[in-house]
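Single-structure report; data block below.
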Amino acid sequence: MSLQDGEDVLVTQETTRTMSVQRSVGDIDARRQIDELAQTSAAAHRSTMERISHVQKQQNEIASKTSEYLQLQYDKQLDLQE
């Protein structure tokens with residue numbers, strides 16, 4: 001093996017090592033980004049569920065009050081007919 005061949009092998013090994021490290025760093029960055037997105041998504045989901053729950057409670061209250069109002073109106077109409 002000539003000196004040039006030895007240098008080529010070293011360059012190839014170093015390039016392979018560098019690519020491996022870069023890939024590993026890239027994988028870590030990708031995992032970090034995925035974790036951050038998962039946390040953001042979970043927070044958005046919680047917030048959305050809280051808002052939906054709040055709206056449902058409001059709708060139930062409105063429905064209950066509407067039902068009470070309509071019942072009172074109906075009762076008044078019955079009283080007027082008597």
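Quick notes
- Filter result for the condition that a residue is free of Cβ contacts under 8 Å to residues at least 12 places away in the same chain and under 23 Å from the mean Cα position of the chain (by Cα), over Q77, Q73, Q81, Q56: Q56
- Hey, E14 out of contact with any Lys or Arg (no Cβ under 8 Å at 6 or more places or on another chain) and modelled with pLDDT of 95 or more or not: no
The values are calculated or read from the model by the stated rules, or taken from the named source; none is laboratory data. Since we're looking at a predicted model, the values are computed, not measured. Ideal geometry is used to build each Cβ from the backbone, glycine not excepted, and the neighbour counts take in all protein chains shown.
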